[in-house]
Amino acid sequence: MSAPSIVWFRDDLRLADHPALRAALDRDAPVIALYILDEESPGIRPLGGAARWWLHHSLASLDARLRERGGRLVLRRGPADRVVRDVVADAGAAAVYWNRRYGGPEREIDAGLKAALREDGVEVASFAGSLLFEPWTVTTGAGTHFSVYSPFWRACLALPSPRAPLPEPREIPGPVRSPASDDLADWGLLPTAPDWAGGLRDTWEPGEPAARRRLQAFLTEDIDAYDRARDQPSAGATSLLSPRLRWGELSPHTVWHEAVHAAGAGRFLSELGWREFAWHTLFHFPDLATRNLRREFDAFPWPPLRPTALRAWQRGETGYAIVDAGMRELWRTGYMHNRVRMVTASFLIKNLLIDWRHGEEWFWDTLVDADGANNPFNWQWVAGSGADAAPYFRVFNPELQASKFDKDGRYVAEWAPEYRAPDGRPPLPLVDLKSSRQAALDAYEHVKRAPRD
Ligand code: FAD
């Protein structure tokens with residue numbers, strides 16, 4: 001029997017439309033499905049708590065599906081470049097395949113590993129599986145990357161359409177002797193003391209089969225109303241696919257091809273376009289989570305951090321109904337509606353005058369869809385320091401936002417009921433909206449005066 005191939009799974013925890021897996025099966029040799037928990041390689045951002053919970057369950061689901069098809073998932077922990085080479089040596093593998101990653105440190109690891117394995121005579125190939133358009137293929141007329149969304153998305157749509165998704169394999173033959181695997185339970189991805197994941201369990205079922213069911217339900221039940229109702233947090237009109245795309249339980253190609261012919265798909269697909277734009281931006285600015293994209297924002301005079309204000313925001317105790325509702329939805333379910341993400345982020349940055357990076361970190365820790373590009377990209381968008389960002393002087397007024405997008409108060413009633421109950425006693429407002437907004441605008445004067453790159 002020929003020497004096995006390794007498929008290194010990363011943020012693509014699925015069997016359908018997995019080009020690296022397809023390539024391994026085409027080699028006609030046993031397949032070793034490998035996942036590495038890498039908390040050691042330099043620059044790799046440690047996962048947040050909610051993400052670790054999701055990862056645990058998604059890996060368990062992937063392993064079960066591989067076993068139904070004759071394989072299994074090999075779990076290893078450690079710096080990825082060392083671990084992959086160990087598994088190649090253990091298994092006598094002749095080929096290693098993966099779908100590409102686009103973050104800076106990840107690309108560096110992958111490029112180094114590719115060169116080292118090739119030097120050892122191992123075949124290596126990488127594939128496009130996580131984005132619809134490879135970042136180096138979308139350029140302006142001058143050959144540079146886009147910094148504004150609309151021309152970016154127009155340029156994407158002018159390229160050949162995203163390829164059709166690959167079918168899910170029926171059989172995935174493993175080697176006679178599988179390399180040793182860690183036990184998933186030993187990774188400690190689930191919270192124990194205390195177990196705060198009850199709300200996550202009540203809300204989500206990680207794994208590819210549930211992801212496919214959600215996609216179908218969205219396409220048959222919700223997409224018609226998407227354009228009209230996507231901004232209303234209690235309407236249930238959005239797809240809830242963000243964690244599925246974050247973990248690659250669905251590929252964007254699958255979502256694209258299944259949605260493209262639906263009535264009203266344009267608006268929905270353009271949101272997938274924002275995901276592409278965020279990832280392309282990260283590709284060109286790998287330090288998106290830590291540095292202002294517009295460097296003049298480095299001159300912003302953040303006051304010393306007030307930990308009590310940050311904590312009140314995190315706990316949903318700001319005294320503003322929609323902000324508190326959103327922060328509690330996030331804490332309980334690991335998710336928050338997009339409109340409310342914008343309102344809560346604006347409140348932190350522009351009313352509490354807290355640096356966007358603190359908010360980004362909290363979302364990183366608590367979102368099940370915490371995404372290496374989408375999260376910092378959107379925080380910088382709200383802060384005004386990002387690509388094609390909302391102007392800094394646009395300060396969302398949480399009361400007006402609630403009256404516009406939660407007219408009947410259903411969202412607040414669900415997540416912060418004391419604001420709606422006749423005898424409810426909501427927290428007192430942490431800040432005055434008018435004066436805190438003015439303080440933010442005054443601080444912004446420093447940015448306006450700062451030299452631009
Ligand atoms: P839908 O409206 O159904 O959209 C479909 C898909 O398009 C989403 O699943 C997502 O993959 C993509 N998408 C939609 N809006 C955006 C956007 N603004 N930017 C990038 N991609 C988008 N999204 C994440 O996936 N992970 C994050 O960590 C994340 N952090 C955010 C932080 C802030 C401060 C803000 C304002 C937004 C953030 N978003 C993030 C974007 C957006 O809020 C979520 O993608 C969306 O709410 C997910 O719900 P949905 O799947 O029902 O979206």
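The values are calculated or read from the model by the stated rules, or taken from the named source; none is laboratory data. Only a predicted model underlies this, so the values are computations on that prediction, with no experimental measurement involved. Methodologically, a virtual Cβ is constructed for each residue, glycine included, from the backbone with ideal geometry; neighbour enumeration extends over all protein chains shown.
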- Of these, Arg107, Arg67, which one is surrounded by fewer than 18 Cβ atoms within 10 Å (Cβ to Cβ), in contact with a strand residue (DSSP E or B) (Cβ under 9 Å, 6 or more places away or on another chain) and of a type outside the set (Asp, Glu)? Arg67
- Does region 17-43 hold any residues that are part of a loop (DSSP other than H, G, I, E, B) and either surrounded by fewer than 19 Cβ atoms within 10 Å (Cβ to Cβ) or among the basic types (Lys, Arg) (or both), and which are they? Arg27, Asp28, Ala29, Glu39, Glu40, Ser41, Pro42, Gly43
- Considering region 146-194 alone, what residues qualify as being polar (S, T, N, Q) and within 30 Å of Ala50 (Cβ to Cβ)? Ser181, Thr192
- Scanning region 117-136 for residues that are out of contact with any Pro (no Cβ under 8 Å at 6 or more places or on another chain) and surrounded by 13 or more Cβ atoms within 10 Å (Cβ to Cβ) gives Leu117, Val122, Glu123, Val124, Ala125, Ser126, Glu134, Pro135
- Task: From Ala185, Ala217, Ala142, grab the single residue that is among the aliphatic types (A, V, I, L, M) and not assigned by TED's automatic domain parsing to the domain that holds Ala263.
- Result: Ala185
- Residue ranges of helices (runs of 4 or more DSSP H) in region 235-292 with at least 2 members more than 10 Å from the ligand (Cβ to nearest atom) and outside the structural domain of Gly386 (by TED's automatic domain parsing): 252-259, 265-284
